[in-house]
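Student: Dropping the structure in here first, questions after.
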Amino acid sequence: MSPQPTAVLVHGAFADASGFAGVIRHLQAQGVRVRAPMNPLRGLASDAEAIARYTTTIEGPMVLVGHSYGGAVISQAAPTLKDVRALVFLSAFAPDAGESCASVMEPFPPSLLALNNEASPYDAPGAAGGPDLFIKIEQFHETFCADLSDDVAGPMAVSQRPLSAAAFTEPASAVGWRDIPSWYLVSEHDNAIPPDAERFMAERMGAVTEAINGSHTAFIANPVRVASFITKALAG
């Protein structure tokens, strides 16, 4: 029998891999090998390359899991990798070739994220050009993680990792979900990506789709449910 895949968890914008802590604990308790690398958040192609390089340290098959912007990154990276068994999108972007994270949302009503982000007055360090994007601190809780407590959301708001505007508008040039079995977990109360946009992306890729009664960070609020979803993809 082939070895069980390693779950590679790729975080999105305004957060870091520590948000996966609950999911990691539940996966590890089931004997799943897990890795959660840093996503640079500097540019789609360069971020995908960074994740691809990281995965060269992993032996055997993999399932790539992306939250939010991390979904675009795993889809961009997957075609260059060996033995990716599945892609899992958690409230995530899944642009087609020529689309960006920004453009794939354009047909849908603006989310709170579209209304509550602000650009830095400086150019984004290490990015192609233009500013960094942050969520306004006073709107962070409702916009990003409405189902988390104040004592969790407060520190997240003031420690958010910005996404370069260049990354958000950079078109995808590779699309892993076209050729790799995909799974999509829609967050029904997502204020960052419109749930209808999530359903559109999931249906377009022919993903195995489930919905969760949660915010953009439902994987933090309900790690047991999300870990269970990931294990289904690991089992094929």
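The values are calculated or read from the model by the stated rules, or taken from the named source; none is laboratory data. Everything quoted here is computed from the prediction, not taken from an experiment. Heads up, the Cβs are rebuilt from the backbone with ideal geometry, glycines too, and the neighbour counts pull from every protein chain shown. To get the accessible areas, we keep the full protein, side chains included, count just its heavy atoms, and leave off ligands, DNA and RNA. Shrake-Rupley method; radii C 1.70, N 1.55, O 1.52, S 1.80 Å.
Student: Residues being aliphatic (A, V, I, L, M), in contact with a Lys or Arg (Cβ under 6 Å, 6 or more places away or on another chain) and surrounded by fewer than 17 Cβ atoms within 10 Å (Cβ to Cβ): count how many of those fall in the range 1-24.
Tutor: Going through the range 1-24 one residue at a time, the tally reaches 0.
Student: Go through the residues of the range 27-35 one by one and say whether even a single one is of a type in the set (G, A, S), closer than 14 Å to T231 by Cα and without any contact (Cβ under 8 Å) to a residue 60 or more places away in the chain.
Tutor: The answer is yes, given that some residue of the range 27-35 is of a type in the set (G, A, S), closer than 14 Å to T231 by Cα and without any contact (Cβ under 8 Å) to a residue 60 or more places away in the chain.
Student: If you don't mind, there's one more thing I want to ask. So, in the range 41-58, of the ones that are assigned to a loop (DSSP other than H, G, I, E, B) and of a type outside the set (S, T, N, Q), which residue ends up farthest from T169 (Cα to Cα)?
Tutor: Here is the first cut: in the range 41-58, the ones assigned to a loop (DSSP other than H, G, I, E, B) are 41-43, 56-58.
Applying the additional criterion that residues be of a type outside the set (S, T, N, Q) yields 41-43, 58.
Working: L41: 12, R42: 11, G43: 9, I58: 30 Å.
This residue is I58.
Student: Conditions first: (1) hydroxyl-bearing (S, T, Y); (2) open to solvent by 50 Å² or more (accessible area, probe 1.4 Å); (3) more than 19 Å from A48 (Cβ to Cβ). T169 passes all but one, so which condition is the exception?
Tutor: Answer for T169: the failing condition is (3).
Student: Okay, moving on. Taking the range 116-157 only, how many residues are open to solvent by less than 40 Å² (accessible area, probe 1.4 Å) and closer than 18 Å to N39 by Cβ?
Tutor: Selection size over the range 116-157: 8.
Student: Looking at S103, S187, can you tell me which residue is surrounded by 19 or more Cβ atoms within 10 Å (Cβ to Cβ) and under 17 Å from S68 (Cα atoms)?
Tutor: None of the other options fit; the residue is S187.
Student: Another one. Could you tell me whether L113 is within 18 Å of the chain's Cα centre (by Cα), surrounded by 15 or more Cβ atoms within 10 Å (Cβ to Cβ) and in a strand (DSSP E or B)?
Tutor: Here the answer is no, as L113 does not meet what is asked.
Student: Can you tell me which of L87, L27, L64 is out of contact with any Lys or Arg (no Cβ under 8 Å at 6 or more places or on another chain), part of a helix (DSSP H, G or I), farther than 21 Å from P162 by Cα and open to solvent by less than 10 Å² (accessible area, probe 1.4 Å)? Working first, answer last.
Tutor: Details: L87 fails: part of a helix (DSSP H, G or I); L64 fails: part of a helix (DSSP H, G or I).
Only one candidate qualifies: L27.
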